[in-house]
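Structure, as structure tokens:
Derivation of every value follows stated rules applied to the coordinates shown; laboratory data play no part. These numbers were taken from a predicted model, which means no experiment stands behind them. We place every Cβ from the backbone using ideal geometry, glycine too, and count neighbours over all the protein chains shown.
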Amino acid sequence: MHTEESRAELSSAALARRLLILLGVSAGAGLLGWRIGLEPHQCIAGGVFLATILGTLLFWHLRLSIAFLGVSVLILTRSFDIPRFVESASLPVILFLAGMMIVVGALRDLGFFTWVVQAIISMPGMTGRRFITVTAVASALLACLVDEVTSMIFISVLIFQVCDRLKLNPAPYLIICVLCTNVGSAGTMMGNPVGIYIGTQAGLTFQDFIVWAFPIMLLALATTVAVTLFWYRVELREFDTRLAARLERNLSLAPRLDVPYKRSLALLIGTFTLIALHHQIEGFLKLEKNSVLLIAPLICAGITMILRPGRARHYVEREIDWWTLLFFMLLFAVAGTLEHVGLTTRMAQAFTARFGHEPATLIPVVMATTALGSAFVDNVVFVAAFSPVIRSLSQTMFALPLWWALLFGACFGGNITMIGSTANIVALGLLEKHSHIRIRFLQWLKVGAVSALFACLVAWGMLRVLSPAMERYASRLHTASAVPVP
């Protein structure tokens, strides 16, 4: 994840030092792999992947350049070829994300998020706890429907508006909401890029997320809300005092606006319904699994651009984050090379040799590793690294709980540090711009690590309890799909 320092251009000396670190560590990893018996292509693939990870940490603003060079090295050394690149780049996932970005841009244009903010402000019986609970839950559910960054941008508008009226420091309320937003992003495929990537890699449907991930997310969300409300209990008492004083003077928190939200709500419901019913549509049309899921946002985006032709080019050029999508595509291709050269198989063998084949042991290991890694580096990097390993493990064991552990570790781990997720960085940037308040690293770490720990413990416990039910569920689906249709 990037910081303010990484946004600015590095000096020549700093750039050289970081470049030497990246090349030295990557080359050292490749030589170490050769010393322990890895094949040359495996050493190269491992070194390039490690360079890509370090590139996101040391050169955030140059990460796409490093990914370009990494893919070029892989092709020039014949570690993989162009057809394998196209296969590993997860183009359907990239198109899904691009379509959802257009839909989110249209929702913004049509006033959906403004309507949500107005609905929360107009809530009767307002108290500090009620306000922040409703706002935090709304931010989490919005993250499920759109994405965590968009949710945080619009929820922050509400927080700043209310805190300005009450003359309160908005930092505690913004932190609560962004922590809940990261938790909520694990509830569906649409909340975080890792959700749709894990879904395609594991062959999971939208219904699978609703059946298993969403209920666990809700429990983790309730835990996060409880932890953060207790953490900021003093600030919430001050909220109630200021609110009571303002209401005594018959002053409202914000002006009431009538927002024409029906078209935006129709677009959101249409998109959500098409995604939710993709499995049934695929069965009816005899299409490949998840094919309708991956094109559903494209259908809705296409219809939106036809109905709003004056904004179509804006949606494609401005609403789609092409920089990030290109990086994801190249990262997925580099991760696919690890599988192509057989390195992930060796990693899976070493993994099981160290931790065994029992899900009860592997679930916390996968979750903790991904959570700690995601606290400092883009969670997509760790998910891309772990996915081939879990896919290899699935050949010898029931791996569905491990996929969920990967999802929850990646999303919840973003709460640990202030650079752990893009939503965190966006929220802190908005806070500094609006209120000129800077959050210290340790100030965030205390509440972020505690809330992430409790959320991960809840997810771990639920996965242990639900693992037998997941296996029975998967077995019934496999049996049903094996029965010929008359």
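Some values worked out for this structure:
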| read-out | value |
| --- | --- |
| Neighbour-limited loop hits for chymotrypsin sites (Phe, Trp or Tyr not before Pro), region 301-374 (at most 10 other Cβ within 10 Å; DSSP other than H, G, I, E, B) | none |
| Cross-link partners of LYS167 among aspartates and glutamates (Cα-Cα below 15 Å; sequence separation of 8 or more within a chain) | GLU235, GLU238, ASP240 |
| Note, ³J(HN,Hα) from phi for region 334-348, Karplus 6.51, -1.76, 1.60, rounded to Hz, x at Gly and Pro | 5, 5, x, 5, 4, 6, 4, 8, x, 6, 5, 5, 5, 5, 5 |
| Radius of gyration, Dmax [region 67-220; alpha carbons; angstrom] | 19.4, 66 |
| Contact order normalised by residue count of the chain, Cα under 8 Å, 6+ apart, percent | 21 percent |
| Neighbour count of at most 13 Cβ within 10 Å plus DSSP loop: longest GluC sites (Glu not before Pro)-free window in the chain | 10-287 |
| Size of the chain as Cα extents on the principal axes (Å, biggest first) | 76, 70, 50 |
| Debye log10 I(q)/I(0) for region 91-314, one point scatterer per Cα, at q = 0.14, 0.15 Å⁻¹ | -0.89, -0.99 |
| Phi-based couplings in Hz for region 35-45 (Karplus 6.51, -1.76, 1.60; Gly and Pro marked x) | 5, 8, x, 6, 6, x, 5, 5, 5, 5, 4 |
| Sites matching trypsin sites (Lys or Arg not before Pro) across region 103-186 that sit in DSSP coil, with at most 16 neighbouring C-beta atoms within 10 Å | LYS167 |
| In order through region 212-221: 3J(HN,Hα) via Karplus (6.51 cos²θ - 1.76 cosθ + 1.60), integer Hz, x for Gly, Pro | 10, 6, 4, x, 5, 4, 4, 5, 5, 5 |
| Anchor LYS446: aspartates and glutamates whose Cα lies under 16 Å away (excluding residues fewer than 8 positions away in-chain) | none |
| Mean Cα-pair separation over length for region 1-79, i.e. relative contact order, pairs under 8 Å, 6 or more apart, % | 36 percent |
| C-alpha center-to-center spacing [region 25-87, region 280-358] in angstrom | 21 Å |
| Whether region 1-79 is rounded, prolate or oblate, judged on the alpha carbon gyration tensor where a/c under 1.5 counts as rounded | prolate |
| Burial ordering of THR369, THR52, fewest other beta-carbon atoms within 10 Å first | THR369, THR52 |
